[in-house]
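A short write-up of the structure that comes next.
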Amino acid sequence: MRVLFTTFAQPTHLHAQVPLAWALRAAGHDVRVASQPDLTEAITGAGLTAVAVGEPLNQQEQVRELDEQHRREVEEAPDDEPAPADYIELADISELRDEILTYEYVQRQLTAVTMFGFRTLCPDRMIDDLVAFARDWRPDLVVWDSVTFAGAVAAIASGAAHGRLLFGLDLVGHVRQRHLELLRGRVPALRDDPLQEWLGDVLARHGHPFTEQAVLGQFTIDPVPASLRLPVDHHYLPMRYTPYNGPATVPDWLREPPTRPRVCLTLGRSFRETLGGDRTAVTELLDAVATLDVDVVATLSNSQIPPGHPIPDNVRTVEFVNLDVLLPTCAAIIHHGGSGTSQTALIHGVPQVIVPYKLWCNGPRAERMERAGVAVCGVAGRSAASEVRALIRRVLDEPSFRACAGDLRHEMLAASTAAELVPVLRRLAQT
């Protein structure tokens, strides 16, 4: 079986695909991973075969330009008006409350995320190159990142079976379901559908009509525990989350057992490497742990720590350490709410202190994890060091957090592994 994976050029989205890609490869299937040229080195570094499509995405440069534009808009805005929203707020579809999700609200957010998010990540040249490759290589199955709609278009154009692989909560599925419900209540002449307009035009360019499968796939592979899943009526294939953080080694100091509780402090890599810097105050987090009787491993680069700010004696800073090998030694983790970080902590049963910035599903996932009893949440940019310190003490001192984290870990371990999912995918590709 020939299997084509595809994602836009963001390493963390590739990381979510690597375990399944290797499970298929190890089972003897022919696997290719397609993305913009920016991701080629990361794909080959994972031992997989890369296919470069389209022009480089240059997401870091795009983010710099957007941040500069927002800075100018804030400076020029009248003092008596609310501050202009930045690009993350404009394209936010993480709202889950029905009373807020009116037609006007959903239409506005879906239009913005389609125009300034989805279309930016999948420009025409990328889509056309991917379609050309798929028609030439003839994959049996296409597995696509849930915001990389180029994968659905390529699958439809080449006649392949296809499904999404989620990296976090299914916000696209949730907002699509809500939008279609709202559209059904309107007269046909007023049913504006930005996703259908965009994908319909793209599919027509390649000789096919629009289908809802271009939005959600024929099925969706979901590594998120079912108890945290959003209520979307769709065909999900649960898959056990397998952490992958790129090439890594185990440092010598990590082989020594800690003499007191070890706490991981991390803000992930996406903000510092791609999204223009951290939105969570590093100084507040360092000050929060300074007086605790714990050993802290902080995965922070020098650029993330303000010049002159003291590093507490109980904090070891390392630019990168594989969370999959660090977290089994930890009693808790403090982090920004990212998908990979949250999922890795869950699979290891580690209680979490989350100070989420409102990016994609960070906020709603943190809230669902707090309700599940595995985490407590602060507010990025607004939680003082004393508040964060109190949250850390709670997850360390109250046994319920460790117990609930263990329960959720067992739920995740009960899901099919990537290897066990391979024959299921083979059957789906044959139907």
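Things worth noting here:
- The residues in the range 28-48 that are in a loop (DSSP other than H, G, I, E, B) and out of contact with any Asp or Glu (no Cβ under 9 Å at 6 or more places or on another chain) can be counted, and the count is 4.
- Checklist (1) at pLDDT 95 or above; (2) under 30 Å from PRO312 (Cα atoms); (3) open to solvent by 10 Å² or more (accessible area, probe 1.4 Å) applied to PHE210, failing item: (2)
- Identity of the residue in the range 250-283, of a type in the set (D, E, K, R), closer than 18 Å to ILE334 by Cβ and open to solvent by 30 Å² or more (accessible area, probe 1.4 Å), that ends up modelled with the lowest pLDDT: ASP278
- Qualifying residues in the range 156-168 (those that are in contact (Cβ under 8 Å) with a residue 60 or more places away in the chain and either open to solvent by less than 10 Å² (accessible area, probe 1.4 Å) or among the aliphatic types (A, V, I, L, M) (or both)) - the one farthest from ASP30 (Cα to Cα): GLY168
- Being under 30 Å from ARG135 (Cβ atoms) and at pLDDT below 85 holds for only one residue in GLN69, GLN62, and it is GLN62.
- Scope the range 366-407; condition open to solvent by less than 10 Å² (accessible area, probe 1.4 Å), in contact (Cβ under 8 Å) with a residue 40 or more places away in the chain and within 23 Å of the chain's Cα centre (by Cα); matching residues: MET369, ALA405
- Of the residues ALA42, ALA50, the single one that is among the small types (Gly, Ala, Ser), over 30 Å from GLY185 (Cβ atoms), open to solvent by less than 60 Å² (accessible area, probe 1.4 Å) and touching a residue at least 60 places away in the same chain (Cβ under 8 Å) is ALA42.
- Cβ pairs under 6 Å, 6+ apart, first in the range 191-210 and closer than 16 Å to LEU130 by Cα, second modelled with pLDDT of 95 or more and open to solvent by 60 Å² or more (accessible area, probe 1.4 Å): none
- Taking the conditions (1) out of contact with any strand residue (DSSP E or B) (no Cβ under 8 Å at 6 or more places or on another chain); (2) under 22 Å from LEU285 (Cβ atoms); (3) open to solvent by 60 Å² or more (accessible area, probe 1.4 Å) in turn, GLY363 satisfies each one other than (3).
- Residue, least open to solvent (accessible area, probe 1.4 Å), within the range 284-310, restricted to residues that are of a type in the set (S, T, N, Q) and part of a loop (DSSP other than H, G, I, E, B): SER301
Per-residue answers, yes or no, for (1) in a helix (DSSP H, G or I); (2) in contact (Cβ under 8 Å) with a residue 12 or more places away in the chain; (3) within 23 Å of LEU180 (Cα to Cα); (4) open to solvent by 20 Å² or more (accessible area, probe 1.4 Å):
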{"position": "GLU65", "(1), (2), (3), (4)": "yes, no, no, yes"}
{"position": "GLU68", "(1), (2), (3), (4)": "yes, no, no, yes"}
{"position": "PRO82", "(1), (2), (3), (4)": "no, no, no, yes"}
{"position": "ARG108", "(1), (2), (3), (4)": "yes, no, yes, yes"}
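The values are calculated or read from the model by the stated rules, or taken from the named source; none is laboratory data. What you see is a predicted model; the values in this text were computed from it and never measured. For neighbour counting, all protein chains shown are included, and Cβ atoms are generated from backbone atoms with ideal geometry for every residue, glycine included. Ligands, DNA and RNA are excluded from the accessible area calculation, which covers all protein heavy atoms including side chains. Shrake-Rupley method; radii C 1.70, N 1.55, O 1.52, S 1.80 Å.
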